[in-house]
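Peer 1: Quick one: the structure is below, questions incoming.
Quick note: the coordinates plus some simple rules give every number you see, no bench work behind them. Keep in mind it's a predicted model, so treat the numbers as computed, not measured. No Cβ is skipped: glycine too gets one built from the backbone with ideal geometry, and neighbour counts run over all protein chains shown.
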Number of protein chains: 2
Amino acid sequence: MTYTIKDVAKEANVSIATVSRVINDKDKVKKETREKILRAIEKLNFMPDQAARTMIHKKTKTIGMIVPQLSNEYWGTMAEIVQSVLLEKGYTLIIGTSNSEQGSEFLALNTFLERRVDGLIIGAIYKSDAENYLGVFKDQGIPLISLYPLIPNIPTVCGDNLRSSMDAVEHLIQLGHTKIAYIGSASTGLERELGYRNALMLNNIAVDEKIIVSGRNNFVHYFSEYGYECARQLISEENDFSAIFCSNDLIAIGTIKAFEEHGIDVPKDKAVVGFDDISMARLYRPALTTVKQPLEEIVDAALELLLEQIDNPDKSFTQKKITLPMKLIVRESCGSQKKT
Amino acid sequence: MTYTIKDVAKEANVSIATVSRVINDKDKVKKETREKILRAIEKLNFMPDQAARTMIHKKTKTIGMIVPQLSNEYWGTMAEIVQSVLLEKGYTLIIGTSNSEQGSEFLALNTFLERRVDGLIIGAIYKSDAENYLGVFKDQGIPLISLYPLIPNIPTVCGDNLRSSMDAVEHLIQLGHTKIAYIGSASTGLERELGYRNALMLNNIAVDEKIIVSGRNNFVHYFSEYGYECARQLISEENDFSAIFCSNDLIAIGTIKAFEEHGIDVPKDKAVVGFDDISMARLYRPALTTVKQPLEEIVDAALELLLEQIDNPDKSFTQKKITLPMKLIVRESCGSQKKT
DNA sequence: CTGAAAGCGCTAACAG
DNA sequence: CTGTTAGCGCTTTCAG
């Protein structure tokens, strides 16, 4: 049996208004009355119904988040951090997965609308999908925050992909590599590709389009399988490269796996660098040289910005972009010796 | 601006009751009226408020799920499957993470209660925590379902851990191994340890407690780090074993990583088998021989059982246990040759 | 300090 | 076929 405020009121011999006062710590309530009510609450194991509160406050204390998948360690970690920070702040998180398919987040987004989420966190979303759906949220005055670049007119918090990619590629260059391939993914991949190209240019290395595979349009590109396939393709075309920059760790792992099958050793034969520093980066063999994203900081900043928007519905935040620095972590997958 | 049923009624020049009828497809409504209303809904981008519905139906269409972490690929995958199956069935999932710490799911469980979840899925929980908290859910008539064994008096659906562990260990035995170590984790780990011991016994191999590390009490044991530490310990104690059965893939990966640092090659020097078949099992080097859990089937069965409980509040399901078969996947980490 | 009552958005009788 | 109305559990005036 689950009890209501009425039951508590009856049990304590007071009105429901007074019960409401003590559960919300509002107004003054005589000490004895308060204690009497507290006892009743305790006895009945009473807990206020969120739905009823929502009706009055027009606030659900619920936040939606859309990610490609939860089975991907990167997104799982992100969701976990978001969830626990929100929990502390009294919010509940609902997660929607797009399963890497264009248009498939529609149902989830719809749920967010029906549930009247107070805000929406965009982990990643197709650009075209964003254009199709996100307008509705804006129209309804639901604040949005994006955790990755490239969605226009939405406040954004993310790592400095451009700068870090340059760092990663320059690390390869310093190691003596000049033929550096690239395998990219959608979303953040674009900025990372830009960083890659920029580092090459700044170091007077000609960009060779034949060794660039940039998966710009499909989120399936988050999977290791994608890295695996791309690497196989790169090998089968007998391309000339001694190092490869992958736009995330899972792709890097798929790449190394493909190399292994072709008898190519990492880092002896080819250097590989990943991105994100998921826990598997450290555990993989060889351990991945990669870029560590400051996930906690990103989430903290993003949530702060989101909640600020929720509390100030009139103020405009659309132009706000926060970019956090990331850190290159050198491990085994590039070797340490200069290439000659 | 977000509109209510009243706005739609006004826009379409009908009563709110009729609007309610068309959005719920109940009763007969004249075709023209229906279309007029549909147009108004379309125009205003109206969407019924779940909270209001909840108040009437006493059903939140919300399910809670408690898992140790989302950053762990196994749990992330599980949550993803649950989420998408529930979405299709019109339910919303709220996830609570215990972050592998005893007692830390308290806040999440509390949220579930406040949110009046229609049901609770237990991915994993400390036995003592279960005893402390789950009673409240039962008292309030909230159906529970467990995805792992060992919680008494709760309907459970999970893989046949005992049988599969025996298969895994017997695979090792067939390969010629007799000195087989074990590294275990909490929860499912216990059944897997039992399977390990049973296989040994049935094959007349003496159990050597020195090469058994069973982490029974802490969920930190899900991490690869745990496998890594245990393996180091096993090595440093100069124990004699040629193969090792790990109670999950992450532990197996940590173990292999530790072996590598000590110059021990897998599978040449030692055979390793994992459990769960997370995607990294296939991608790791060497690819892991492991046991594949039928996650989709487990989730399907579990959710069916949970929803059945929700629809039949009186019927008792507490004794219902469903055990699904799992499959040994032979890959590289045990080698293929018989050990001599 | 406390109680009575209105009302949040919606559904479900009950009339018509 | 359609409209009126009570009421879900709670918070919030407004009185007292």
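Peer 1: About its Cα centre, what dipole magnitude does the protein assembly as shown give when the only charges are +1 on Lys and Arg Cβ and -1 on Asp and Glu Cβ, stated in debye to the nearest 20?
Peer 2: Rounded to the nearest 20 debye, it is 2140 debye.
Peer 1: With bins 10 Å wide starting at 0, give me the P(r) of chain B over every alpha carbon pair, in whole percents.
Peer 2: 5, 23, 26, 18, 13, 7, 5, 3, 0
Peer 1: Here's something else I'd like to know. Go ahead and estimate [θ] at 222 nm for the protein assembly as shown from helices alone: -39,500 (n - 2.57) per DSSP H run with n ≥ 4, summed, over the residue count, rounded to 500.
Peer 2: Mean residue ellipticity, 222 nm, calculated: -14000 deg cm²/dmol.
Peer 1: Residue A:210: which lysines have alpha carbons under 16 Å from its alpha carbon, excluding same-chain residues fewer than 8 sequence positions away?
Peer 2: Excluding near neighbours in sequence, the set is A:179.
Peer 1: With the Cα gyration tensor of region A:83-157 giving a ≥ b ≥ c as the square roots of its eigenvalues, does the rule (a/c under 1.5 for rounded; else a/b larger than b/c for prolate; else oblate) give rounded, prolate or oblate?
Peer 2: rounded
Peer 1: Just need the Rg to Rh number for the protein assembly as shown, please, alpha carbons only, Kirkwood Rh.
Peer 2: Checking Rg against Rh, the ratio lands at 1.01.
Peer 1: Translational diffusion coefficient, Stokes-Einstein: compute it for region B:11-64 using the Kirkwood radius over C-alpha pairs as Rh, at 25 °C and 0.890 mPa s, and state it as an integer in µm² s⁻¹.
Peer 2: In µm²/s, the coefficient is 200.
Peer 1: Let me ask something else. Every other copy gets compared here: list the nm distances from the residue B:261 label point (7 Å along Cα to Cβ) to its counterparts, shortest first, one decimal.
Peer 2: Label-point distances to the other copies, shortest first: 3.1 nm.
Peer 1: Something else: If the cut-off is 20 Å between C-alpha atoms, which aspartates and glutamates fall inside it for residue A:268, apart from same-chain ones fewer than 8 positions away?
Peer 2: The reachable aspartates and glutamates, counting only those whose Cα sits under 20 Å from residue A:268, are A:170, A:238, A:240, A:249, A:260, A:332, B:260, B:261, B:265.
Peer 1: Kindly give the distances from residue B:313 to its copy-mates, label point to label point, with each label point 7 Å from Cα along Cα→Cβ, as nm values to one decimal ordered shortest first.
Peer 2: Once sorted, the set of distances for residue B:313 reads 3.4 nm.
Peer 1: Specify the inter-centroid distance of region B:270-340 and region A:40-119, based on alpha-carbon positions, in whole Å.
Peer 2: 28
Peer 1: Now for a separate question. Given charges of +1 on the Cβ of Lys and Arg and -1 on the Cβ of Asp and Glu, with all other atoms neutral, how large is the dipole of region A:124-212 about its Cα centre, in debye to the nearest 20?
Peer 2: 100
Peer 1: Please list, short to long, the whole-number percent of alpha-carbon pairs of region B:1-115 in consecutive 5 angstrom bins beginning at zero.
Peer 2: P(r) over region B:1-115, rounded to whole percents: 2, 10, 15, 14, 13, 11, 9, 9, 7, 5, 2, 0.
Peer 1: Shape call for region B:146-245 from the C-alpha gyration tensor, a ≥ b ≥ c root eigenvalues: rounded (a/c under 1.5), prolate (a/b greater than b/c) or oblate?
Peer 2: oblate
Peer 1: Could you list A:336, A:71, B:242 in order of exposure, starting from the residue whose Cβ has the fewest other Cβ atoms within 10 Å?
Peer 2: A:336, B:242, A:71
Peer 1: In addition: Among DSSP bridges having both ends in the protein assembly as shown, what percentage is antiparallel? Round to the nearest 5.
Peer 2: So the antiparallel bridges in the protein assembly as shown amount to around 10 percent.
Peer 1: Given contacts defined as C-alpha pairs under 8 Å and at least six residues apart, what's the relative contact order of chain B, whole-number percent?
Peer 2: Relative contact order of chain B: 15 percent.
Peer 1: In chain A, what % of DSSP beta bridges are antiparallel (nearest 5)?
Peer 2: Percent antiparallel among DSSP bridges in chain A is about 10.
Peer 1: Still on this structure, I have one more. Give the residue list of trypsin sites (Lys or Arg not before Pro) in region B:235-340 that are DSSP loop and have at most 13 other beta-carbon atoms within 10 angstrom.
Peer 2: Hits after loop and neighbour filter: B:268, B:315, B:338.
Peer 1: In nm, what does the list of distances from residue B:324 to its counterparts in the other copies look like, shortest first, when each label sits 7 Å along Cα to Cβ?
Peer 2: 3.6
Peer 1: Report the closest approach of any chain A C-beta to the axis of the A-to-B rotation: residue and distance, in whole angstrom.
Peer 2: With distances in whole Å, chain A gives A:76, 2.
Peer 1: Right, next: Are any of the pairs A:61/B:59; A:59/A:315; A:31/A:61; B:43/B:89; A:59/A:89 more than 20 Å apart by Cα-Cα distance, and if so, which?
Peer 2: From A:61/B:59; A:59/A:315; A:31/A:61; B:43/B:89; A:59/A:89, over 20 Å: A:31/A:61; B:43/B:89.
Peer 1: Now for a different question. Neighbour counts of other C-beta atoms within 10 Å: give me B:177, A:262 arranged from fewest to most.
Peer 2: Lowest to highest Cβ neighbour count: A:262, B:177.
Peer 1: If the viscosity is 0.692 mPa s and the temperature 37 °C, what translational diffusion coefficient in µm²/s does Stokes-Einstein give for region B:194-302 when Rh comes from Kirkwood over Cα pairs?
Peer 2: In µm²/s, the coefficient is 224.
Peer 1: Shifting gears a bit: Whole number please: convex hull volume per residue of the Cα set in region A:254-329, in Å³?
Peer 2: Cα convex hull per residue, to the nearest whole number: 111 Å³.
Peer 1: Please work out, to two decimal places, the log10 of the ratio I(q)/I(0) at q = 0.10, 0.17, 0.20 Å⁻¹ from a Debye calculation in which every Cα of region A:40-174 carries one identical scatterer.
Peer 2: Each listed q maps to, in turn, -0.41, -0.97, -1.22.
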